[in-house]
Amino acid sequence: MVQIMKRLRIFGDSIMKGVVYRGQDKRYVKVDSYDVARLGSSLGYDVYNSSIFGCTVTKGLQQLQRAIQNGLACDYALVEYGGNDCDFLWDEIASNPFIDHQPKTPLPVFDTTLRSMVELLKQNGITPILMNLPPIDSSRYLNHICRNGLDKNRILEWLYDENNIERHQELYSLRISKVSVETNTNLIDIRSGFLARKDCAHLICEDGIHPSETGYALIAQLLSEYHSAKATA
């Protein structure tokens, strides 16, 4: 009997691309063992990964709109954004820490844009699936953004507390979960999977914001567990 593959399109950023920062090389590289297309195939999905390094939800909406105009044909769409949206232009903050600075995508805009993506997918007969954010490490990330000479003390003047970096990112993850509930959209809860681990710090790579190779292995496991739970529901 021929198995009919379900079609899954992924709209996301570098997390769904499987990117880590390698300090010894001073660059970002893909984790070879993290292949969502191969994982999807093993679960019965024909996966097309449209994730883009550095992508925000506003760019994701534009990408989705173009895909629909071009005849997007899939059964499911996994939507994963927020990590770049909550980020700031740290060079501008270091230059002037005494004024207000907004994230790349302010939280209200992130909310409405994510809802627009969900609604657009449903209007076109595609089932959306949201994914929340893995935790980050403020200290590592602050060191990472200052590695090429940004003044950490001036950034801290604006931050007040370096832990505000991860607290701010958490607001976006919580908002994804809120949108999931209010739009009756399925959610893959990556964050809880990370936080439940005693070795959570080792699941985050040295830049403080991307999962480590072990973290990506956990994401793959959580994706498989989500599929299994839905299959038996």
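The values are calculated or read from the model by the stated rules, or taken from the named source; none is laboratory data. Being a predicted model, the structure only gives us computed values, none of them experimental. Cβ sites come from the backbone with ideal geometry, for glycine too, and all protein chains shown count toward neighbours.
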Hits in the stretch 208-233 - residues which are outside any helix (DSSP H, G or I) and touching an Asp or Glu at 6+ places or on another chain (Cβ under 9 Å): G208, I209, S212
Flag if Y45 is closer than 26 Å to T214 by Cβ, in contact with a Lys or Arg (Cβ under 6 Å, 6 or more places away or on another chain) and of a type outside the set (K, R): yes
Some residue of the stretch 116-132 being free of Cβ contacts under 8 Å to residues at least 40 places away in the same chain, more than 17 Å from the chain's Cα centre (by Cα) and on the phi > 0 side of the Ramachandran plot: yes
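Return the total of residues in the stretch 113-136 being under 21 Å from V36 (Cβ atoms), in a helix (DSSP H, G or I) and among the β-branched types (V, I, T).
First, the residues of the stretch 113-136 that are under 21 Å from V36 (Cβ atoms): 114, 117-118, 121, 126-136.
Add one more test, that the residue is in a helix (DSSP H, G or I), and what stays is 114, 117-118, 121.
Cutting the leftovers down to among the β-branched types (V, I, T) gives us 118.
Of the residues in that region, 1 qualify.
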Residues of the stretch 24-52 classified as more than 23 Å from Y226 (Cα to Cα) and surrounded by fewer than 14 Cβ atoms within 10 Å (Cβ to Cβ), total: 5
Residue that is closer than 20 Å to L218 by Cα, of a type in the set (F, W, Y), touching a Ser or Thr at 6+ places or on another chain (Cβ under 8 Å) and modelled with pLDDT of 95 or more, where the choices are Y81, Y76: Y81
Any hit, the stretch 75-87, residues being small (G, A, S), surrounded by fewer than 20 Cβ atoms within 10 Å (Cβ to Cβ) and in contact with a strand residue (DSSP E or B) (Cβ under 8 Å, 6 or more places away or on another chain): no
Residue that is farthest from V19 (Cα to Cα) [pool: residues in the stretch 185-207 that are part of a loop (DSSP other than H, G, I, E, B) and basic (K, R)]: K198
Per-region count, the stretch 48-74, residues within 19 Å of I209 (Cβ to Cβ) and touching a strand residue (DSSP E or B) at 6+ places or on another chain (Cβ under 9 Å): 6
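May I ask you to say which residue of L43, L64 is in contact (Cβ under 8 Å) with a residue 12 or more places away in the chain and more than 23 Å from R191 (Cβ to Cβ)? Full working, then the answer.
Working: L43 fails: more than 23 Å from R191 (Cβ to Cβ).
Of L43, L64, the one residue that is in contact (Cβ under 8 Å) with a residue 12 or more places away in the chain and more than 23 Å from R191 (Cβ to Cβ) is L64.
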Neighbours by Cβ (under 7 Å, 6+ apart or cross-chain): first from the stretch 87-115, touching a residue at least 40 places away in the same chain (Cβ under 8 Å); second β-branched (V, I, T) and part of a loop (DSSP other than H, G, I, E, B): K104/T56; T105/T56; R115/T183
Identity of the residue in the stretch 210-233, free of Cβ contacts under 8 Å to residues at least 60 places away in the same chain and charged (D, E, K, R), that ends up farthest from P135 (Cα to Cα): K230
Qualifying residue in the stretch 161-182 (condition: touching a residue at least 12 places away in the same chain (Cβ under 8 Å), part of a loop (DSSP other than H, G, I, E, B) and loosely packed, with under 15 Cβ neighbours inside 10 Å): yes
Filter result for T185 (over 14 Å from G82 (Cα atoms) and without any contact (Cβ under 8 Å) to a residue 24 or more places away in the chain): no
The stretch 58-88, residues that are more than 28 Å from R167 (Cα to Cα), among the charged types (D, E, K, R) and part of a helix (DSSP H, G or I): R66
Residue pairs meeting the criteria (Cβ under 6 Å; at least 6 apart or on separate chains; first within 15 Å of L133 (Cα to Cα), in the stretch 188-209; second aromatic (F, W, Y)): I188/Y226; C200/F194; L203/F194; C205/Y21; G208/Y141; I209/Y141
